[in-house]
Amino acid sequence: MKILAIESSCDETSVAVVEEREVLSNIISTQIAEHRIYGGVVPEIASRRHTEAISAVCDEALKQAGIEYSDIEAVAVTFAPGLIGALLVGVNFAKGLALSLGVPLIPVHHLRSHIAANYIAHKDLEPPFLCLLVSGGNTVIAEVTDYTKFKILGGTRDDAAGECFDKTARCMGLEYPGGVTLDKIATVSDFSKYPLPFPKLSGSEYDFSFSGLKTAVINQIHNASQKGIEIDVPVLCATVRERVCDMLIANTFRAAEEFGYKKIAVAGGVSANSELRRRMHEECEKRGFKLYYPPLKYCGDNAAMVGAQAIYEYRDGNISGSDLNATATLPIDYR
Ligand code: KG4
C-alpha cells in the first residue's frame with residue numbers, strides 16, 4: 001500500500017511516500033535557520049512557513065518517488081502532539097488530499113512515528129520491546145507491546161531531555177538547536193570540574209526530572225561570570241551530556257530488567273546523541289540485549305517515520321473522517 005505521509009508538528013515540513021517499511025521518498029524542508037535568529041521555535045512563524053512550503057514539498061515527494069497523485073492509496077498525517085498551528089497545516093492539507101483522492105486518512109501520533117523510524121532501518125524489529133523516547137518535547141520510557149499498543153512506564157516530570165540540552169546550550173552561548181552543537185563540541189576530560197546533581201525522585205522509579213540539572217548549569221555559568229572566570233564550554237557540554245545520559249540509561253535498564261525486555265529501541269531527536277548511542281550500545285553488549293536506534297537521517301522530525309507507523313494504524317482500524325482535528329498534547333497510549 002503506497003502511503004503519502006505528512007509531518008508538520010514543529011519546524012520541519014516533510015512529505016514522504018512509504019510502502020510498508022520501504023521509503024520511496026522523504027522530503028524535508030527545515031525552518032531551523034529562521035528560528036535560530038530568535039533562539040528557539042516561534043510557533044506563528046512555523047505555521048506560516050508550513051503553509052508556504054507544503055504543496056511544493058508534496059509535489060517533490062511524489063516526483064522523487066516516481067508516482068502520480070492517482071497512485072496514492074492512503075494519506076497519513078501527524079495530528080498530535082505538537083505546536084497546534086503547525087499541526088493544523090498538515091492536518092488540513094491531508095484532509096483535503098484524502099478527500100479529493102477518495103482514499104483513507106490515517107491519523108498518526110507523533111511519538112509513535114518516532115518509534116517507527118526504527119522499523120525503516122531494522123526490518124527484523126517487531127514488538128514487544130522497550131523504548132526510550134527522547135525528543136525536544138518528550139522523554140518517555142514505554143513498553144511497545146504491539147505496533148499500536150503502548151504502556152508508559154515513566155516520563156519527565158518537567159523538562160524533556162532535548163529541552164535541557166537546548167536551554168543549557170543556549171546559556172553557554174550556543175546556537176539553536178543547542179543539543180546538536182553541544183554534542184559536537186563536548187570534550188570529555190574532567191567531569192568533576194562542574195559538579196552537577198543527579199535528581200532522586202520519589203514515586204515512579206522510571207520518571208525523570210531535568211529542570212534541577214538545567215538550573216544547576218545556569219548557576220555554574222552565573223557564578224563563573226560573577227567571579228570573572230571564563231567557562232570551559234566544551235567541558236561543561238560534556239558534563240551535561242554525561243549527566244543526562246546517566247539518568248536516561250539508569251531508568252531504561254532498570255525498567256528492562258524489571259519487565260524482562262531484552263530488546264531496547266531508542267527514538268526521537270536526542271537518539272542522535274553520540275554519547276547516548278555509545279553508552280547504550282556498551283550497556284546492551286554487556287547485558288546481552290539487542291539495541292535498535294534509527295539512522296541519523298530519521299532521528300529528527302520527518303514524514304517517512306509517519307508513513308512507517310501509518311500502515312499499522314490502518315491495519316488496526318485507526319482511520320479518520322474529515323472531522324479529524326489537531327491536538328497539542330496527547331499521550332502515546334491515547335487509544
Ligand atoms: O524529535 P525532535 O526532532 O523534535 C521533537 O519532536 O521534539 O527532537 C529535537 C531535539 C532538540 O532538542 C535537539 O537539540 C535534540 O533533539 N538533538 C540532540 C542531538 N540532535 C538533536 N540532542 C543531543 N545530541 C544530539 N546529537
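The values are calculated or read from the model by the stated rules, or taken from the named source; none is laboratory data. Remember, predicted model here, so these are calculated numbers, not experimental data. Because the Cβ atoms are built from the backbone with ideal geometry, glycine has one as well, and the counts that use them run over all protein chains shown.
Looking across segment 273-295, the residues that are surrounded by fewer than 20 Cβ atoms within 10 Å (Cβ to Cβ) and closer than 17 Å to Glu242 by Cβ come down to Ser274, Glu275, Arg277, Arg278, Arg279, His281, Glu282, Glu283.
When you scan segment 140-154, how many residues do you find that are out of contact with any Cys (no Cβ under 9 Å at 6 or more places or on another chain) and either acidic (Asp, Glu) or under 14 Å from Gly268 (Cα atoms) (or both)?
Residues that pass the stated criteria total 1.
Do we find that Arg277 is of a type in the set (Lys, Arg) and in contact with an Asp or Glu (Cβ under 6 Å, 6 or more places away or on another chain) in this structure? Taking the combined requirement at face value, the residue does not satisfy it.
Scanning segment 147-165 for residues being under 15 Å from Tyr334 (Cα atoms) and crowded, with 20+ Cβ neighbours inside 10 Å gives a total of 2.
Whether a residue is away from the ligand (no atom under 15 Å from the Cβ), among the aromatic types (Phe, Trp, Tyr) and under 22 Å from Leu130 (Cα atoms) was assessed, and Tyr292 passes this test. Comparison of Val270, Val266 shows that the only residue that is in contact (Cβ under 8 Å) with a residue 24 or more places away in the chain, surrounded by 18 or more Cβ atoms within 10 Å (Cβ to Cβ), within 14 Å of the ligand (Cβ to nearest atom) and not in a helix (DSSP H, G or I) is Val266.
Taking the condition surrounded by 15 or more Cβ atoms within 10 Å (Cβ to Cβ), of a type in the set (S, T, N, Q) and at pLDDT 95 or above, does Asn325 pass? Here the answer is no, as Asn325 does not meet what is asked.
All of Val140, Val103, Val89 fail the test of being within 20 Å of the chain's Cα centre (by Cα) and more than 22 Å from Leu276 (Cβ to Cβ), apart from Val89.
For beta carbons closer than 6 Å, sequence separation of 6+ or different chains, a first residue in segment 190-210 that is under 21 Å from Asn138 (Cα atoms) and a second that is at pLDDT below 90 and part of a loop (DSSP other than H, G, I, E, B), the qualifying pairs are Asp207/Leu201; Ser209/Pro199; Ser209/Leu201. Scanning segment 208-230 for residues that are assigned to a loop (DSSP other than H, G, I, E, B) and not basic (Lys, Arg), we see that the one that is nearest to Leu196 (Cα to Cα) is Phe210. Reported count of residues in segment 296-318, each being within 13 Å of the ligand (Cβ to nearest atom) and surrounded by fewer than 24 Cβ atoms within 10 Å (Cβ to Cβ), is 3.
Scanning segment 171-194 for residues that are within 30 Å of Glu258 (Cβ to Cβ) and away from the ligand (no atom under 16 Å from the Cβ) returns a single hit, Phe191.
For segment 240-255, the criterion of a residue being of a type in the set (Gly, Ala, Ser) and either surrounded by fewer than 23 Cβ atoms within 10 Å (Cβ to Cβ) or closer than 25 Å to Ala121 by Cα (or both) is satisfied by at least one position.
Helices (runs of 4 or more DSSP H) fully within segment 29-146 that include at least 3 residues being buried (at least 21 other Cβ atoms within 10 Å of the Cβ) and more than 14 Å from the ligand (Cβ to nearest atom): 43-65, 84-101.
For Glu205, indicate whether it is exposed (fewer than 15 other Cβ atoms within 10 Å of the Cβ), of a type in the set (D, E, K, R), in a loop (DSSP other than H, G, I, E, B) and within 13 Å of the ligand (Cβ to nearest atom). Considered against the rule, which asks whether it is exposed (fewer than 15 other Cβ atoms within 10 Å of the Cβ), of a type in the set (D, E, K, R), in a loop (DSSP other than H, G, I, E, B) and within 13 Å of the ligand (Cβ to nearest atom), Glu205 comes out as no.
Does Ala186 meet the test of being out of contact with any Ser or Thr (no Cβ under 8 Å at 6 or more places or on another chain), of a type outside the set (Val, Ile, Thr) and either in contact (Cβ under 8 Å) with a residue 12 or more places away in the chain or within 21 Å of Phe253 (Cβ to Cβ) (or both)?
In short, yes.
Checking each residue in segment 155-170 for being near the ligand (Cβ under 9 Å from one of its atoms) and either within 14 Å of Val266 (Cα to Cα) or part of a loop (DSSP other than H, G, I, E, B) (or both) picks out Ala160, Ala161, Gly162.
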